[in-house]
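As structure tokens, the structure follows; a few thoughts come after it.
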Amino acid sequence: MEIYNQLSKIDNVWISTFDRLERERFRTYGMPHVIYQPLSVNADKVIEWNREIQKTLQGRYIYDISFVGNLYGNNSYKDNLKYIPLELQYYFNSIFEEAAFRWDGVNRVYGKTSADIVEYIKKVSPEFSLENRQDIEDVRYFECNCLIREIACIERILVLNLLAEDHRVTLYTTDRETAEDKLQGVEVCPPVKYGKAASLVYAGSKINLNITLKGIEGGTPLRILDIMSAGGFVMTTYCEETAELFEEDREIVMFRSPEELMEKVDYYLTHDRERKQIARRGYEKVMKCYTYEKKMGELIDWIESGVSKMDQSEDRSERNG
């Protein structure tokens, strides 16, 4: 959201985004230089961390199923719920019911709310606070900051509770209040620090869960790459781009419904050899294709090529007077 401001339209600003669909929106907005580029990891640090982590683990696993992430229990939709007219609450609930737990790559949130609806809420409830400081329509901001995060909260709580009925599930989160209030049978831990500490969780878990925010439509979250670079096994919601970056059921495992998730969790918890092979292939793909060194090199080449074309264009303009 913060990229949507007039500074991003300056000719010497160059933007890399990991979401292909967002790249098109950036271009439509008027940003002159935008490239799509998958995220990456620090290979040197990863190798250093993994060496220390394997000494700690000694081939053992600490967890069965782990999730490192936010529950979004405190989100703008909940904060403003008392200011939203009841008939609109019913309408938004219908959006949640249609969109939640359907992980087939189709966005069922954007475009369901109109500018008139947001203006109506503001009119009947002056206390309603959107806090949109970006150069973007209020309705788009409302969808991203309110609806998307509420759906994430609904999905993550139900999925964790569902898995905890039959399996040992561990959650690392900043949202302890929501976790303790809404989760049952899930071991709730404080947030884990990014880097070696998080990598220890990833490497020490048989299954690492990823439930991508529906606002990320055409990109692969960094959590997936971090898990893989630690040698961890990833089970994630389906994304077309992720299926292009990583071979499904060979380097990564994806699910499109809660039923498929449960089936695959049961399978891979009891098929150690297959699970470890997939984790190993995922690690090798990340370290080969998605490192800082490789992606920064591509980024610099793109910028230098663009600057060269700009200089040539300016030279031609000067010659033509």
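The values are calculated or read from the model by the stated rules, or taken from the named source; none is laboratory data. The model shown is predicted, which means the values in this text are computed figures rather than measured ones. Quick reminder, even Gly has a Cβ in these numbers, built from the backbone with ideal geometry, and neighbours come from all protein chains shown.
Does GLY282 satisfy being assigned to a loop (DSSP other than H, G, I, E, B) and surrounded by 18 or more Cβ atoms within 10 Å (Cβ to Cβ)? Taking the combined requirement at face value, the residue does not satisfy it. Just so you know, in the stretch 175-222 the residues that are among the β-branched types (Val, Ile, Thr), within 15 Å of the chain's Cα centre (by Cα) and closer than 17 Å to ILE154 by Cβ include one that is modelled with the lowest pLDDT, and it is ILE216.
Any idea which residue in the stretch 66-100 is surrounded by the fewest Cβ atoms within 10 Å (Cβ to Cβ), counting only those that are farther than 23 Å from ALA179 by Cβ and among the β-branched types (Val, Ile, Thr)? Here the answer is ILE95. From the list VAL68, VAL46, VAL34, the lone residue that is closer than 29 Å to ILE303 by Cα, of a type in the set (Val, Ile, Thr) and in contact with a strand residue (DSSP E or B) (Cβ under 7 Å, 6 or more places away or on another chain) is VAL34.
For GLU127, the stated conditions hold: it is part of a loop (DSSP other than H, G, I, E, B), modelled with pLDDT under 95 and surrounded by fewer than 14 Cβ atoms within 10 Å (Cβ to Cβ).
Could you please let me know if LEU88 is under 17 Å from THR212 (Cβ atoms) and either in a helix (DSSP H, G or I) or not β-branched (Val, Ile, Thr) (or both)?
Answer is no for this residue.
Contact map, the stretch 54-66: first residue polar (S, T, N, Q), second residue surrounded by 15 or more Cβ atoms within 10 Å (Cβ to Cβ), Cβ cut-off under 6 Å, separation 6 or more or different chains; pairs are SER66/THR170; SER66/VAL201; SER66/SER205; SER66/ASN208. Is there a residue in the stretch 107-118 that is free of Cβ contacts under 8 Å to residues at least 12 places away in the same chain, farther than 20 Å from ARG223 by Cα, acidic (Asp, Glu) and outside any loop (DSSP other than H, G, I, E, B)? Yes, the stretch 107-118 has at least one match.
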